[in-house]
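The values are calculated or read from the model by the stated rules, or taken from the named source; none is laboratory data. What you are looking at is a predicted structure, and each value in this text was computed from that prediction instead of being measured. Positions of Cβ are backbone-derived with ideal geometry, glycine not excepted, and every protein chain shown enters the neighbour counts. Quick note on the areas: whole protein, heavy atoms, side chains included, nothing else; ligands and nucleic acids left out. Shrake-Rupley method; radii C 1.70, N 1.55, O 1.52, S 1.80 Å.
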Amino acid sequence: MPRAKELKVRVTDRPGALGEVAAALAEKKVNLRAVNAWVEGTEGVVRLVADKTAAAKKVLAARGYQVTEQEVVELEIPDKPGALAEKAGALGRAGVNITHVFIGTGGARKATVFLGVSDIAAALKALR
């Protein structure tokens, strides 16, 4: 079961902030595999999975962003009703809490899911 590195960046909540993060990564040829963003008060929070984690972290830090890194579960599931329910149910039965999720479909009848979880080792075991 693959793992991925997720980066979390806090930005000022203002027009163009997400575009600046994405453009900084694009300049260094870092591809975004998944992005999740929202606003908390006066800050935007951006969670992302990039194809080159170390390069992404370096680029963002050089731009003055505070970057945190977390290991997440990377899971490929069929792009069909009930597929996420099956995996999320398995984690719940194993006592693993899902703290956040990103899902993207590529049109290939499969979806890639990135799960932040309370216990990655238990999650990987439960999803085998």
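Data overview
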| read-out | value |
| --- | --- |
| Approximate spin-label separation residue 94-residue 66, in nm, with each point projected 7 Å along Cα-to-Cβ | 3.2 nm |
| Per-pair calculated FRET efficiency, R0 = 41 Å: residue 35 and residue 122 via Cβ, rounded to 0.05 | 0.95 |
| Furthest towards positive pole of dipole, 7, 50, 60, structure part the chain, Cβ charges | 50 |
| In degrees, nearest ten, helix 53-62 long axis to first principal axis of the chain (Cα) | 30 degrees |
| For residue 30, solvent-accessible area (1.4 Å; no DNA, RNA or ligand), Å² | 10 Å² |
| Where the chain is the region considered: accessible area per residue in Å², 1.4 Å probe | 57 Å² |
| Dipole magnitude of the chain, debye to nearest 20 (Cβ charges: Lys/Arg +1, Asp/Glu -1, about Cα centre) | 340 debye |
| Distance (nanometres) between label positions extended 7 Å along Cα→Cβ at residue 23 and residue 110 | 3.5 nm |
| Percent accessible area from carbon and sulfur atoms, the chain, protein chains only, probe 1.4 Å | 50 percent |
| Gain on full stretching of the segment that runs from residue 52 to residue 80 - 0.36 nm per residue minus C-alpha separation | 7.2 nm |
| Expected 222 nm ellipticity per residue - DSSP helices of 4 or more, -39500 (n - 2.57), all of the chain, to 500 | -9000 deg cm²/dmol |
| Cα-Cα over 29 Å, subset of 58/87; 8/28; 28/87; 8/87; 58/80 | 58/87; 28/87; 58/80 |
| Segment 24-85, relative contact order in percent, only Cα pairs under 8 angstrom and at least six apart counted | 26 percent |
